[in-house]
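Participant: For reference, the structure I am asking about is given below.
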């Protein structure tokens with residue numbers, strides 16, 4: 001075998017290894033999102049209210065968002081977005097990234113898990129864009145905690161999106177003002193073998209699905225019942 005064939009074989013093998021690594025990392029993020037959500041819901045008196053989950057159109061879960069400074073500073077995180085289909089079942093995941101801006105954490109720590117409930121179709125439509133700026137296009141209200149969310153204020157209940165954060169085991173609301181949420185086509189490529197958009201996965205059902213995605217869908221379904229709007 002000449003040098004050119006050896007080089008080609010090496011590059012091909014390296015490319016396959018890199019693809020497998022990216023696929024494994026993307027699937028791990030889905031599993032981590034599932035674990036984070038289960039942990040958050042484990043203590044129901046301080047968890048996301050189930051009646052709000054029942055009304056949500058979509059749920060974004062971003063485990064381990066890294067921040068550069070407390071209260072004011074940059075941040076970066078990769079996670080997943082799940083949305084209901086026409087029958088009310090959970091579909092996905094589509095990969096997403098949270099970047100930039102400042103974030104008002106209620107608890108310290110170098111990494112924070114984020115959960116975002118999208119409460120209506122208008123909010124879901126915004127998430128189907130390649131990216132949008134939270135606070136510029138839509139505000140995220142700090143979500144209420146507890147077994148039921150009916151004690152929340154009218155302003156909270158009218159919000160398009162409700163946000164939660166968890167750092168060092170402390171769970172509470174958060175501010176995502178100035179952050180950018182965008183689709184992660186790199187992770188979508190790793191998950192589905194092609195760079196699908198969020199809309200293609202969540203609206204058109206073009207994602208083939210995965211064991212990890214099915215497990216996350218079952219977790220969400222177990223904590224929510226779809227309410228027809």
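The values are calculated or read from the model by the stated rules, or taken from the named source; none is laboratory data. Predicted, not measured: the structure shown is a model, and the values here were computed from it. In this analysis, Cβ positions are derived from the backbone assuming ideal geometry, glycine residues included, and neighbour counts consider all displayed protein chains.
Participant: Among 196, 191, which is the only one that is touching a helix residue (DSSP H, G or I) at 6+ places or on another chain (Cβ under 7 Å), part of a helix (DSSP H, G or I), buried (at least 21 other Cβ atoms within 10 Å of the Cβ) and modelled with pLDDT of 65 or more?
Facilitator: Just a single option satisfies the conditions, and that option is 191.
Participant: Could you please give the count of residues in region 199-217 that are within 17 Å of residue 37 (Cβ to Cβ) and in a loop (DSSP other than H, G, I, E, B)? I'd like the intermediate steps shown before the answer.
Facilitator: Initial filter on region 199-217 (within 17 Å of residue 37 (Cβ to Cβ)): 210-217.
From what is left, the residues that are in a loop (DSSP other than H, G, I, E, B) are 210.
Qualifying residue count, region 199-217: 1.
Participant: Against the condition modelled with pLDDT of 90 or more and assigned to a strand (DSSP E or B), how does residue 98 come out, does it pass?
Facilitator: No: the conditions fail for residue 98.
Participant: Would region 33-44 turn up any residue that is modelled with pLDDT under 90, more than 26 Å from residue 182 (Cβ to Cβ), touching a helix residue (DSSP H, G or I) at 6+ places or on another chain (Cβ under 9 Å) and not in a loop (DSSP other than H, G, I, E, B)?
Facilitator: Yes, because at least one residue in region 33-44 is modelled with pLDDT under 90, more than 26 Å from residue 182 (Cβ to Cβ), touching a helix residue (DSSP H, G or I) at 6+ places or on another chain (Cβ under 9 Å) and not in a loop (DSSP other than H, G, I, E, B).
Participant: Would you check if there is a residue in region 66-80 being under 14 Å from the mean Cα position of the chain (by Cα), modelled with pLDDT under 75 and in a strand (DSSP E or B)?
Facilitator: The answer is yes; a qualifying residue exists.
Participant: Which condition does residue 151 not pass, out of (1) surrounded by fewer than 17 Cβ atoms within 10 Å (Cβ to Cβ); (2) modelled with pLDDT of 80 or more, if it passes all the others?
Facilitator: All conditions are met except number (2).
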